[in-house]
Every structure is written in structure tokens, then in C-alpha cells.
Amino acid sequence: MLTVDEQFNIIKRGTVEIVPEEGLKAKLKDAQEKGKKLKIKLGLDPTAPYIHIGHGVVLRKMRQFQDFGHEVIIIIGDFTASIGDPSGKTITRPQLTAEEIAENAKTYYDQYCLILDPSKTRVVFNSEWLGKLSFADVIRIVSKVTVARILERDDFETRLAEGRPISMHELMYPVCQAYDSVVLESDVEVGGTDQKFNILMGRDLQTQFGLEEQIGLFMPILPGLDGVQKMSKSLGNYVGITEEPKDMFGKLMSIPDEIMPSYFELCTDVPLDEIEEIKKKLSDGSMHPMEAKKRLAREIVTIYHSADAAKEAQAEFERVFSQHEVPADMPEVGVADIMEDGKVWIVKLLAAANMAPSNSEARRLVMQGGVTIDGEKISDPKANIEVKDGQVLRAGKLKFARIKL
RNA sequence: GGGGGGAUGCCCGAGUGGCUAAAGGGGGCAGACUGUAAAUCUGUUGGCGAUGCCUACAUUGGUUCGAAUCCAAUUCCCCCCA
């Protein structure tokens, strides 16, 4: 078994901050000595039950705790989702139905099993307790929180200063999340740096309720594929952890060079000194950035699939993008329905292949010279084409389909 | 309770009676260059088998030959005073 210090160092990797570090060490030590499990808390948003490698950063951190014998508690914030974490332009989300919640929970389970050890994972919904509080209970809880404390939160502070509105219920969001920690008696709460205020609020509230304070463990926000905004499904700049190896590989190859180091650190298990080595080689030019990126993509695909899958994905990538050959497999597009006199109108063909959301968009693609069949450019949007079974339709760099008569 | 300001395409934002499918920017898409990186340049960015037609500037109705633009009502948002 690893010593407490060794455990601590593994856990510390990639973190922005641990509040307080000594507290975490003490908890790890205490747990080891008494043979008890720490409760590691993570909150997830139930409205978007799709896990990408940005969530993976935090989940993999949780996994490390599990490997040291601790218990992970995932809180699906079905109650708090109806408030919406205040972001400035909060949209109050609709309450989910029981069926939706159950369905999302299942979806989560299938995904997080790829990272977490299910035997050491508990999933709870915070509506279980938050939804049962009476108004009197709520008053009792909020009486332990001062207005000044709440208004310390950055976005509240700036909004107040700029005269932008803050709704009462938004002020409740951090309190709800903090109260979750009280109910669960969590030892550690893991989250992105955007969770800092909420997680520290948990510490305060636990103290108020006479409990031991949880440790706040903050991970950086993983930048998305665009390298600028945080990774999120709604921005489309994500890599889902259940995506196909070749899609994962391809998407990872498209990230800006500058964010490679943070991806290495946060999304892979490549040792830190090796990452340093790579950085050095990149800056002195002895390593081509593309090679580093291939390594990165391979590492990540290996984590979520396997080393073989990663190798295959790389081979496929090189075949398509370096040697400009067609992918080994691609979706088929049946043309039987859109055939007229043995010919197919190119615009309809693109729509049938889901390469364009509308005919107008398909026309544009054609006019812009992004469409080929078997490598031959189609540039006339009026074109009616005699297609043959097995021909390869391509739109842009990424979209391929095999024609099926 | 009183007074004032506002709502435009994916986003920001111009437009105050016809020349407006709506300037400009961002983002997206496509092309060139390349390493499916960045930067840069070019084109494109409501729908429709399409030299035209349809739908669009919060909603509904009105004025007008003609409305994103004027009027009325409605909804939502913001600010100031109390």
C-alpha cells in the first residue's frame, strides 16, 4: 500500500488548488490508520447527461481516490438544476420528470463506468433531501449564512456593482450545494475552479452544522477543442468519452498546439517528467508538434478504449489525412428513394447522407467546391449524377459516405 | 406606486417609411496554404429543383401604394425615484 505522502502526490497532480492541503493529508492519514473510507463528492448536472473528457478530468481524479479505497458519491443535481448555477444570464431550467431523471441516471451510469469503479460509486439525487425541506427548514439553513458571505461570490459582486439583476433564488444555489455536503457529510468535494465558491461554502456550512469540514479539491477547467472556451456539449467543442476511437483521435488532432500540455497533464497518465521532456523537445524543435499530438491522442484513446484501438485509430487517421485515402469504413447512403431516371440530384444526395441540414446548405457546399464523388469534384448544384454502387461521396474534409444503390 | 430606456439573424450590434434577406464584427461552414494546429487570404452563412417565390426584425392588430422603421394594445427585460 502506498504511503499517505505518495497518495497525496498522485492526487495532487493536475490540481489547481487543494483547500487545505494539510487537511487532505490528515484525512488520508486518518482513513488509512482507521481503515475507513473517505466520502468523495462530485456534483453533476442532470440536464446534460453526456460525459466528455472535460468531465473526465474530474472523474479520473475521483477514480484515484477509489483506487486508494475511498467511496465516490455522485450527486445528480436534479433539484438544483431547477435553479441553475448563476452565470450571469441564468435561464431557469424546467423541472425534470421522474422518468427523465431515471433515464439520465442510467445514461450516467453507462458512461461513468468507463472511468469509475462502480462498486465504489454511489449515485444520489439531491431532490431526495432538498425537495423535502419545509420553508421553516430552509429558513433555519439560510440563517447560518450571511449576506456578505454570499455576495463575496465573484459574479454576484460584479452584477451587483454593475446594477444587473440578481434573483433571490440564485443566491440559494451555493447554499443548496453546500447543504448537500452537510447531508452527505462529505470529506472531499472535487470540482472545477468554477466551483470554488460553492465548495468553500460547503465547508462553512458543515462547520455551522458541527461537522468536520470537507476538503475542496479544484481541477482546472479543460479547454475545449477550440482551445478557448471551456469544453461543453452545447459549444460543440468536446470529445465524448463514449465516442468511437477514430472520432476521438481525429478530434484530438484538431486541438491547438498550445493546449497540448494541459491535455497531457489532465487527460492522460503520462508521467509529469515525461510531459516536461515533451515540452522541451517541442520548444527546441526536436519533436514535431504533430507527433506529440498523435501521442496525446493515442494516450487518451487508450484510456477510454484500448491500446489496440488507439493504434488503429492512428493508422486510420494517417490513411485519410496524410495519405489522402478514404476511411476504412464510413456510413452508407441509400439512393434508391431519390433516384430519378437512374440519376441522383447532388443536392438531394447530400441531404440524404446527412451532410447538409437543408437543400440550400447542400447547394452552398457544392458551389464552394467541397463536394466530391470518388475524388471527382462536383461543382454544379444542378448536377444530376449517375452514381454507382460503392462510390465514395465526400463533403468537406470530414464527411464521407459510401453510396448504396 | 411614479418616471425613463429597451427587445433585430447562431451571438454581439447598425439600421428610424421604399435602394433591406437586413451594414459591421464574432462564431460556423467551404476553398487556398498546412500538420484535420495556429496565423493569413477568399467565398459563404433563412427556406424552396430557385434569373423567381415564400417566411423573417418580441406578439397581435392598425396607418400606408409600400413598415424592422409610424400608431395602438400585449408580453418580457433593464435603469432611476419611492
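Assorted remarks:
- Of the helices (runs of 4 or more DSSP H) entirely within the stretch A:272-323, those holding at least 2 residues that are touching a Phe, Trp or Tyr at 6+ places or on another chain (Cβ under 8 Å) and over 29 Å from residue A:392 (Cα atoms) occupy A:272-283, A:289-304.
- Annotation note: Cβ proximity below 6 Å between a residue of the stretch A:241-266 that is in the same structural domain as residue A:313 (by TED's automatic domain parsing) and a residue that is open to solvent by 40 Å² or more (accessible area, probe 1.4 Å) and near RNA strand B (Cβ under 8 Å from one of its atoms) (sequence gap 6+ or interchain) occurs for A:257/A:289.
- Filtering A:326, A:301 for residues that are aliphatic (A, V, I, L, M), surrounded by 13 or more Cβ atoms within 10 Å (Cβ to Cβ), away from RNA strand B (no atom under 11 Å from the Cβ) and within 26 Å of residue A:390 (Cα to Cα) leaves a single hit, A:326.
- Of all residues in the stretch A:153-166, those satisfying the criterion of being outside any helix (DSSP H, G or I) and either surrounded by 13 or more Cβ atoms within 10 Å (Cβ to Cβ) or touching a Cys at 6+ places or on another chain (Cβ under 7 Å) (or both) are A:153, A:166.
- Among residues that are open to solvent by 70 Å² or more (accessible area, probe 1.4 Å), of a type outside the set (Val, Ile, Thr) and touching a residue at least 40 places away in the same chain (Cβ under 8 Å), residue A:376 is not included.
- Residue in the stretch A:211-233 that is nearest to residue A:62 (Cα to Cα), counting only those that are polar (S, T, N, Q) and more than 10 Å from RNA strand B (Cβ to nearest atom): A:214
- Filter result for residue A:227 (surrounded by 14 or more Cβ atoms within 10 Å (Cβ to Cβ) and touching a residue at least 60 places away in the same chain (Cβ under 8 Å)): no
- Considering residues of the stretch A:131-185 that are hydroxyl-bearing (Ser, Thr, Tyr) and within 27 Å of the chain's Cα centre (by Cα) only, the residue nearest to residue A:42 (Cα to Cα): A:181
- Annotation note: of A:388, A:343, A:377, the sole residue that is outside the structural domain of residue A:300 (by TED's automatic domain parsing) and either in contact with an Asp or Glu (Cβ under 6 Å, 6 or more places away or on another chain) or near RNA strand B (Cβ under 8 Å from one of its atoms) (or both) is A:343.
- Scan of the stretch A:352-405 for residues that are over 23 Å from residue A:250 (Cβ atoms) and under 30 Å from the mean Cα position of the chain (by Cα), ordered by number: A:358
- Residue match in the stretch A:122-130 (condition: closer than 18 Å to residue A:241 by Cα and at pLDDT 80 or above): no
- Selection count, the stretch A:255-287, where residues are within 11 Å of RNA strand B (Cβ to nearest atom) and surrounded by 14 or more Cβ atoms within 10 Å (Cβ to Cβ): 5
- Any pair with Cβ under 9 angstrom, 6 or more apart, that starts in the stretch A:349-373 at a residue that is assigned by TED's automatic domain parsing to the domain that holds residue A:390 and polar (S, T, N, Q) and ends at one that is open to solvent by less than 30 Å² (accessible area, probe 1.4 Å) and within 7 Å of RNA strand B (Cβ to nearest atom): A:359/A:347; A:360/A:347; A:372/A:395
- Only one of A:340, A:312 that is loosely packed, with under 12 Cβ neighbours inside 10 Å and under 30 Å from residue A:388 (Cβ atoms): A:340
- Among the conditions (1) more than 30 Å from residue A:219 (Cα to Cα); (2) of a type in the set (Asp, Glu); (3) within 10 Å of RNA strand B (Cβ to nearest atom), residue A:332 misses just one, which is (3).
- Residue A:243 vs. criteria more than 10 Å from RNA strand B (Cβ to nearest atom), buried (at least 17 other Cβ atoms within 10 Å of the Cβ) and at pLDDT 95 or above: no
- Within the stretch A:170-183, the presence of a residue that is in a loop (DSSP other than H, G, I, E, B) and open to solvent by less than 60 Å² (accessible area, probe 1.4 Å) is excluded.
The values are calculated or read from the model by the stated rules, or taken from the named source; none is laboratory data. Please read these numbers as outputs of a predicted model, since none were measured by experiment. Here Cβ is always computed from backbone atoms with ideal geometry, including for glycine, and neighbour counts include all displayed protein chains. Heads up: the accessible areas ignore ligands, DNA and RNA and are worked out on the full protein's heavy atoms, side chains in. Shrake-Rupley method; radii C 1.70, N 1.55, O 1.52, S 1.80 Å.
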